[in-house]
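The values are calculated or read from the model by the stated rules, or taken from the named source; none is laboratory data. Just so it is clear, the model here is predicted, and its values are computed rather than measured. Backbone-built Cβ (ideal geometry, glycine too); neighbour counts: all protein chains shown. What goes into the accessible areas is simple: the full protein's heavy atoms, side chains included, and nothing from ligands, DNA or RNA. Shrake-Rupley method; radii C 1.70, N 1.55, O 1.52, S 1.80 Å.
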Amino acid sequence: MIEGLKFDDKGLITAVVQDAQSKEVLTVAYMNEESLQKTIETGETWFYSRSRQELWHKGETSGNVQKVVSIKSDCDQDALVVEVMPAGPACHNGTTTCFTNSIVQNDVVGSVDIIPELVNIIRQRENDMPEGAYTTYLFEKGIDKICKKVGEEATEVVIGAKNRDAQEVKWETADLIYHLLVLLQEQKIDVYEVLEVLKSRHDEKRASTKNNQ
């Protein structure tokens with residue numbers, strides 16, 4: 001509840017905005033009680049600009065609105081995490097997130113982040129269609145070519161597995177995942193919708209197992 005939140009001496013509370021699907025942090029902004037209330041009422045993010053000293057509705061001019069999925073407070077009630085479904089880039093520089101400058105990049109963590117990064121690149125390729133890019137070539141050739149590549153890469157994974165060639169399996173699986181992401185983009189299916197299906201199946205099986213104990 002808003003009544004339990006702790007706003008600072010300027011009447012503000014920190015709001016960390018996170019993509020509800022990818023869990024990527026998009027931006028950090030500030031809300032006062034009024035902007036938080038408008039966010040709750042409209043289902044889209046509203047913030048308070050400390051420099052302009054006024055409320056602002058994210059995406060009002062750019063169209064890059066953020067549909068609110070959930071709002072959570074931390075244990076001290078003095079910070080918020082706002083999970084959203086963004087309609088476009090969060091940053092005024094045109095990037096998906098404001099956090100693009102790496103200070104430390106651990107290789108293991110970076111490998112986990114590669115899927116959302118690839119998804120963003122593939123989306124951008126489809127929008128911009130840069131000449132000479134392989135992804136552009138696939139979108140230009142269309143669904144038949146993309147499906148053919150998915151089939152070819154899946155076959156290569158099977159062959160590598162049958163040959164007990166771990167290196168080949170890794171390389172061909174990477175190719176398969178990439179082409180599947182292109183296919184999903186062509187079909188306008190978000191990869192996180194697929195992950196949600198997997199999670200739903202897992203939850204159902206876990207519930208079924210618990211009920212049978």
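Residue farthest toward the positive end of the dipole of the chain, with Cβ of Lys/Arg at +1 and Asp/Glu at -1: which of Leu176, Ser208, Val25?
Ser208
Got a sec? What order do Arg52, Arg164 fall in by accessible area at 1.4 Å, biggest, i.e. largest, first?
Details: Arg52 125, Arg164 210 Å².
Correct descending sequence by accessible area is Arg164, Arg52.
Which whole-number percentage describes the relative contact order of region 1-83, with Cα contacts under 8 Å and a sequence gap of 6 or more?
Numbers: 143 pairs, mean separation 25.3, N = 83.
Dividing the mean separation by the residue count of region 1-83 yields 31 percent.
Only one of the listed values, [x] 1.02; [y] 1.06; [z] 0.99, was derived from the coordinates as Rg/Rh (Cα atoms, Kirkwood Rh); which label is it?
[y]
If I stretch the segment between Glu152 and Asp8 completely, what's the gain in nm (0.36 nm per residue apart, minus their alpha carbon distance), one decimal?
Working: separation 144, 0.36 × 144 = 51.84 nm, distance 5.80 nm.
The Glu152-Asp8 span can extend by a further 46.0 nm.
Largest first, what is the accessible-area ranking of Phe7, Phe47 with a 1.4 Å probe?
I get Phe7, Phe47, largest accessible area first.
What FRET efficiency comes out for the pair Ile103/Val16, r = Cβ-Cβ distance, R0 = 22 Å, nearest 0.05?
Computed FRET efficiency for Ile103 and Val16 comes out at 0.80.
For Cα pairs less than 8 Å apart in space and 6+ apart in sequence, what is the mean separation divided by the residue count of the chain, i.e. the relative contact order in percent?
14 percent
For the chain, set up a GNM with springs between Cα atoms under 10 Å and report which of Lys199, Lys148, Lys38 has the largest fluctuation.
Lys199
Of Ile115, Ile40, which has the most accessible area with a 1.4 Å probe, and how do the rest follow in descending order?
From most accessible down to least: Ile40, Ile115.
Multiplying the sequence separation of Arg52 and Ala207 by 0.36 nm and subtracting their Cα-Cα distance, what value in nm do you get?
Extra length available between Arg52 and Ala207 comes to 50.7 nm.
Too long at a 19 Å Cα-Cα cut-off: which of Lys72/Lys199; Lys38/Lys67; Lys10/Lys72?
Details: Lys72/Lys199 22 Å; Lys38/Lys67 13 Å; Lys10/Lys72 21 Å.
Pairs exceeding the cut-off: Lys72/Lys199; Lys10/Lys72.
Using R₀ = 25 Å, calculate the FRET efficiency as 1/(1 + (r/R₀)^6) where r is the Cβ-Cβ separation of Val194 and Lys67; round to 0.05.
E(calc), rounded to 0.05, equals 0.80.
Could you work out [θ]222 nm for the chain from helices alone, using -39500 (n - 2.57) per DSSP H run of at least four and dividing by all its residues? Round to the nearest 500 deg cm²/dmol.
Per the formula, -15500 deg cm²/dmol.
Report the gain in length on full extension from Cys75 to Glu33: 0.36 nm times residue separation, minus Cα-Cα distance, nm rounded to one decimal. Could you put the intermediate results ahead of the total?
Working: separation 42, 0.36 × 42 = 15.12 nm, distance 1.86 nm.
The span from Cys75 to Glu33 would gain 13.3 nm if fully extended.
Can you order the peptides 54-67, 76-89 by their average number of other Cβ atoms within 10 Å per residue, highest first?
For the peptides 54-67, 76-89, the packing ranking is 76-89, 54-67.
Would you check the accessible area of Cys91, probe 1.4 Å, heavy atoms only, in square angstrom rounded to 10?
The value for Cys91 is about 10 Å².
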